Amino acid sequence: MSEGDIVLRFDLHPAQLTVFQDKTRFRVLAAGRRFGKTTLAIAEASCAALDPANKLKLPVFLIAPTQAQAKLLYWRPLIDKLNKLIVSTNVNEGLIYLDNGVLIGVKGADNPEALRGPGLYFAALDEYGSMKPYVWTDIVRPMLVDARGRALFIGTPPYERNQFYDLYKDGESGTDPEVKSFTYESKDNPFLPAGEIDAARRRLSTTAYNREFRAKFVSPTGGLLKEEWIKYEEAEPKGGAWFVAIDLAGFSDVKVAVTARQKLLDEHVIVIAKVLPDGPDADRWWVKDIQKGRWGVKEAAARIVKAVIDTEPSAWGMESGALYRAVLPYIYDEARRMKMNLMAPVPLSHENRIKTERIIWALQGRLEHGKIAFARGDWNDDLEDQLVQFPSKMVHDDIPDALSYVAQLSKGRMFEDFSDLATEPYWKPQDAAIGY
């Protein structure tokens, strides 16, 4: 090392180092939450971009399922780590130009054609199971041909056995010498704060815990939400805070569905629930009422206002979007008509997760561990039908969807507690520097 050399330091733990030091061309890493997959990918990409063996000065890509996720995960850490080597950047395109002539691209797989180019020296595909399979087979893989470039696939096992599972099994079988698979649990990260895994085990369902923290490719069989998990309590628990969660559908004033088309229409759902925040009953829910129906915008607004006024919740909210914007003026008009001041709603988000994943994450563990109880009401049959049949395409899932939003209202996010804000691709804070 000569005077003036720049030293990059990556504090990888032993399990990360095992993957980092392996020379197999294509490595597949299935790891639990908080293992440090993102940190590993940043270290791999940085070293690949500075590798003197890259004689052709080919680019290095870090690819996530969406461009927004890629920037959130990788942009700022790369800028901070490589700042003394950066010549220029293009935030909108996710491009970082280094002084050795190599380009690092922070890219999303949601625009696959934008990935195409003359060639790549290295690519990391983050959560490959959430991408279209051809992103690898038809686009990225051919771009690695010129320099016999390498690739790293990282992810937590998805809910369904898809292309990430298939690639992992290829590497596990040893039939292809160019592919090797690795599995590590969350506990293999020695830097993980004490108590995190135990808290996850208490909160999550067995299936979700094995997948999310033990990195097991488990596919639930039968109903994801079991009938025996649904319990009722007549008496309202003492203490706690009220929340009103609303899942909006199209504003169709259809009181009774008669035609096949009407029966396919989603329904508005209003959930009124109390959440106990402290003590042995921490995070226990008591669902007092569930209202559902196909209402016009004025009736929906009136029902929402009444629920909020009657409950006086700590927070209430609806999923942000066109329906949120459509009903909000009617809600405020109704509140003014009743001469009531209404707190602002929380614009809820699906956090870039598919519906099945967010419902299972919010409800499965809580139901299995007896953390949710329901009052008796004329809505019980619909509740049981939609929970037990979920995720059947033949049965509505509006009630499970609305229930899942209680987790976000009470915790501030749906995927709470066990995800590191610095490495979790589905939450933010917003960062104006990256335009997101």
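The values are calculated or read from the model by the stated rules, or taken from the named source; none is laboratory data. Keep in mind the model is a prediction, meaning the values are calculated, not measured. Positions of Cβ are generated from backbone atoms using ideal geometry, with glycine treated the same way; all protein chains shown enter the neighbour counts.
All but one of (1) crowded, with 21+ Cβ neighbours inside 10 Å; (2) touching a Pro at 6+ places or on another chain (Cβ under 9 Å); (3) not hydroxyl-bearing (Ser, Thr, Tyr) hold for Asp110; which doesn't?
Here Asp110 meets the rest and fails (1).
Please state which one of Asn189, Asn210 is crowded, with 16+ Cβ neighbours inside 10 Å, without any contact (Cβ under 8 Å) to a residue 60 or more places away in the chain and polar (S, T, N, Q).
When all the criteria are applied, what remains is Asn210.
Looking only at segment 141-179, how many residues end up being closer than 25 Å to Phe213 by Cα and of a type in the set (D, E, K, R)?
Of the residues in segment 141-179, 6 are closer than 25 Å to Phe213 by Cα and of a type in the set (D, E, K, R).
Just name the residue that is farthest from Glu357 (Cα to Cα) out of those in segment 116-133 that are over 23 Å from the mean Cα position of the chain (by Cα) and either modelled with pLDDT under 95 or not assigned by TED's automatic domain parsing to the domain that holds Phe26 (or both).
Checked segment 116-133; the qualifying residue farthest from Glu357 (Cα to Cα) is Pro118.
Do we find a residue being at pLDDT 85 or above and acidic (Asp, Glu) anywhere in segment 181-192?
Taking every residue of segment 181-192 in turn, at least one turns out to be at pLDDT 85 or above and acidic (Asp, Glu).
Kindly indicate the residue of segment 16-31 that is hydrophobic (A, V, I, L, M, F, W, C) and under 15 Å from Asp176 (Cβ atoms) and also surrounded by the fewest Cβ atoms within 10 Å (Cβ to Cβ) among those meeting that condition.
Among them, the one singled out is Phe26.
Residues to consider are Arg141, Arg150, Arg116; find the one that is surrounded by fewer than 17 Cβ atoms within 10 Å (Cβ to Cβ), touching a residue at least 24 places away in the same chain (Cβ under 8 Å) and either within 16 Å of Gln69 (Cα to Cα) or of a type in the set (Lys, Arg) (or both).
When all the criteria are applied, what remains is Arg116.
Among the residues of segment 282-291, which ones are out of contact with any Pro (no Cβ under 8 Å at 6 or more places or on another chain) and at pLDDT 95 or above?
Across segment 282-291, the qualifying residues are Trp285, Val287, Lys288, Asp289, Ile290, Gln291.
So, Ile434, is that one among the β-branched types (Val, Ile, Thr) and modelled with pLDDT of 75 or more or not?
Answer is no for this residue.
Considering only residues that are aromatic (Phe, Trp, Tyr) and farther than 20 Å from Leu144 by Cβ, which ones fall in segment 83-128?
Tyr97
Specify the residue that is surrounded by the most Cβ atoms within 10 Å (Cβ to Cβ); the eligible residues are those in segment 62-95 that are without any contact (Cβ under 8 Å) to a residue 12 or more places away in the chain and over 9 Å from Val106 (Cα atoms).
Thr89
Looking only at segment 148-178, filter to residues that are within 15 Å of Thr24 (Cβ to Cβ) and among the polar types (S, T, N, Q); which one of those is nearest to the chain's Cα centre (by Cα)?
Across segment 148-178, the extreme among qualifying residues is Ser173.
Which one of Val271, Val275 is crowded, with 21+ Cβ neighbours inside 10 Å, at pLDDT 95 or above, out of contact with any Gly (no Cβ under 7 Å at 6 or more places or on another chain) and within 24 Å of Ser320 (Cα to Cα)?
From the options Val271, Val275, the qualifying one is Val271.
Provide a single number: the residues in segment 36-56 that are within 33 Å of the chain's Cα centre (by Cα), small (Gly, Ala, Ser) and assigned to a loop (DSSP other than H, G, I, E, B).
1
What number goes with the only condition from (1) of a type in the set (A, V, I, L, M, F, W, C); (2) buried (at least 18 other Cβ atoms within 10 Å of the Cβ); (3) under 17 Å from Val269 (Cβ atoms); (4) touching a helix residue (DSSP H, G or I) at 6+ places or on another chain (Cβ under 8 Å) that Trp361 does not pass?
Condition (3) is where Trp361 drops out.
Answer yes if at least one residue in segment 299-319 is assigned to a helix (DSSP H, G or I), at pLDDT 90 or above, within 22 Å of the chain's Cα centre (by Cα) and under 17 Å from Leu409 (Cβ atoms), and no otherwise.
no
For Asp378, all conditions in the list (1) touching a Lys or Arg at 6+ places or on another chain (Cβ under 8 Å); (2) of a type in the set (Asp, Glu); (3) free of Cβ contacts under 8 Å to residues at least 24 places away in the same chain hold save one; what is the number of the exception?
(1)
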